[in-house]
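The values are calculated or read from the model by the stated rules, or taken from the named source; none is laboratory data. What you are looking at is a predicted structure, and each value in this text was computed from that prediction instead of being measured. Every residue, glycine as well, gets a Cβ built from its backbone with ideal geometry; the counts of neighbours run over all protein chains shown.
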Amino acid sequence: MKYCKPKPRSILSLDVGIKRIGLAYCDPLCITSNILPAIKRLENHNELKIIRDYINKFNLTGFIVGLPLDEKGQMTSQAIDCKSYGIFLSYELKLPFSFVNEHSSTWESTDRFGIKKDKSGLIDSLSAKVILEQWIKEGPELEE
């Protein structure tokens, strides 16, 4: 598979789970990535206000959503939920976005950052950081 490094821009990375959404972002040159506190998924998508606030605060110009595909690259039930959420965000935020295969990002975060049995959401945001770093290296480019 050919990878294409995307053009630098400040973006928000989301690791969407059933209960929480891990968040990370990068600077406009894609040099540094930082985590944000994970947010709870709320009824009626009320977490959207928090996401908008972060986008405005850090002047983010796009976003990516991790898709937890299986080892064969096929959609899982969680990937279907993540894809639906990403499409919903695209409609609401009106920003360019893309999906990134995040297979094993939580395992990588646990291993890389040494976090075990986390209930705070830290591992979710660290996973969003791993997804973001993968996107910076491999893309794909965001779609308008």
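Being of a type outside the set (Lys, Arg) and surrounded by 20 or more Cβ atoms within 10 Å (Cβ to Cβ) narrows it down to one of CYS4, CYS26, so name that one. Show your work before the answer.
On the way: CYS4 fails: surrounded by 20 or more Cβ atoms within 10 Å (Cβ to Cβ).
Being of a type outside the set (Lys, Arg) and surrounded by 20 or more Cβ atoms within 10 Å (Cβ to Cβ) holds for just one of CYS4, CYS26, which is CYS26.
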* Here is a list of conditions, (1) among the β-branched types (Val, Ile, Thr); (2) in contact with an Asp or Glu (Cβ under 9 Å, 6 or more places away or on another chain); (3) under 24 Å from LYS119 (Cβ atoms), and ILE50 meets all of them except one; can you say which number that is? -> (2)
* Structure fact -> Flagged in segment 27-47 as more than 21 Å from LYS119 (Cα to Cα) and assigned to a strand (DSSP E or B), in numbering order, are SER33
* Test PRO8 against the stated conditions and say whether it is touching a Pro at 6+ places or on another chain (Cβ under 7 Å) and farther than 17 Å from ILE123 by Cβ. => yes
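From PHE113, PHE63, PHE58, PHE97, which residue is aromatic (Phe, Trp, Tyr), surrounded by fewer than 18 Cβ atoms within 10 Å (Cβ to Cβ) and modelled with pLDDT of 90 or more? It would help to see each step written out before you state the result.
Numbers: PHE113 fails: modelled with pLDDT of 90 or more; PHE63 fails: surrounded by fewer than 18 Cβ atoms within 10 Å (Cβ to Cβ); PHE97 fails: surrounded by fewer than 18 Cβ atoms within 10 Å (Cβ to Cβ).
Result of the check over PHE113, PHE63, PHE58, PHE97: PHE58.
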